[in-house]
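Single-structure report; data block below.
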Amino acid sequence: MAGPVSIAVLKTVPLFASLGEEQLRMLTAMVTRKSAPRSTTIMAGGDPTDSLYIVLSGRLKVMMSDSEGKEVILAILGPGEFFGEMGLIDDEPRSATVVTIESCELLSIAKREFKKAMAENWQMTEAVMRGLVKRLREADRKIGSLALLDVYGRVARLLLDMAENVDGEKVVTKRLPKQEIAKMIGASREMVSRVMKDLQTNGYIEIRGMTIVVRDTIVLPG
Ligand code: CMP
């Protein structure tokens, strides 16, 4: 489903925060709004690149899979974040597959318009660079975790990274199935189940319905 986009909506997008009214007005004609139900593949690794996407609402996973269907989740994206910029910048095919994990509202902007907007707005280009640097930092952290932490450490770090502060407690409020944790940290689902059970038994985490409370007693090495 696609539809028009208002200036008010564009103003909620961090990537466009530096743009003035006139630039935003011009963008309304270039940007398309789309709704996608859960489990929709927005782009597949290897596809030719055509557009940049911005998340207005909902969450998506960035993933890679092999021919047997084994998956690794590189990142989870949420409101305000963008994706599909890599292929737009270097003209290479899509580096990964992006799939909705909830129903999502997205904005898309075609390659030519996006490049034009970047050429005309240094601050927007800087916002894109900041997004890329954030991703590189997160990817470095992930490589560090895979090489330096055991599965306990990787689960603990992931939970701490995903936790939000709720009334003074660290809580993972979003649904996080063990299978998804396994795909994010490069471990089997069985191993993740065992580790989560141990962390629970030893009081490091508490499962409350759909949420996970992470206790301050969890300490990461290093
Ligand atoms: P592109 O290569 O055009 O298409 C796939 C997109 O997934 C890519 O652009 C990025 O926007 C996004 N992506 C790829 N790798 C990562 C990562 N490690 N973390 C977050 N997003 C990523």
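The values are calculated or read from the model by the stated rules, or taken from the named source; none is laboratory data. Note that the coordinates shown come from a computational prediction; the quantities given were computed from them, not determined experimentally. Here the Cβ positions follow ideal geometry from the backbone for every residue, glycine too, while neighbour counts run over all protein chains shown. Areas reflect the complete protein model, heavy atoms only, side chains present, ligands, DNA and RNA absent. Shrake-Rupley method; radii C 1.70, N 1.55, O 1.52, S 1.80 Å.
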In degrees rounded to 10, the 0-90 angle between helix 122-148 Cα long axis and the longest Cα principal axis of the chain is 20
Charges only on Cβ, +1 for Lys and Arg, -1 for Asp and Glu: so what's the dipole of the chain about the Cα centre, in debye to the nearest 20? 360
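Considering only DSSP states other than H, G, I, E and B, which trypsin sites (Lys or Arg not before Pro) in the range 1-90 qualify as loop sites with at most 13 other Cβ atoms within 10 Å?
Values: sites: Lys11, Arg25, Arg33, Lys34, Arg38, Arg59, Lys61, Lys70; in loops: Lys11, Arg38, Arg59, Lys70.
Passing sites in the range 1-90 are Lys11, Arg38, Lys70.
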Accessible area of the range 1-157 with a 1.4 Å probe: how many percent of it is carbon plus sulfur? 57
Table column - 3J(HN,Hα) (Hz), the range 17-22, Karplus curve with 6.51, -1.76, 1.60, x for Gly and Pro: 4, 8, 7, x, 3, 5
Post the alpha-carbon centroid distance, the range 1-54 to the range 115-160, in whole angstrom. 21
Whole number in Å², please: accessible area per residue of the chain, 1.4 Å probe, ligands, DNA and RNA not counted. 55
Given a Förster distance of 35 Å, the FRET efficiency implied by the Cβ-Cβ spacing of Leu132 and Glu169, rounded to the nearest 0.05, works out to 0.60
Separation in nanometres of the label points that stand 7 Å from Cα toward Cβ, at Leu220 and Ser188: 2.6
The farthest towards the positive end of the charge dipole of the chain, of the residues Gln123, Ile89, Gly144, given +1 on Cβ of Lys and Arg and -1 on Cβ of Asp and Glu, is Gly144
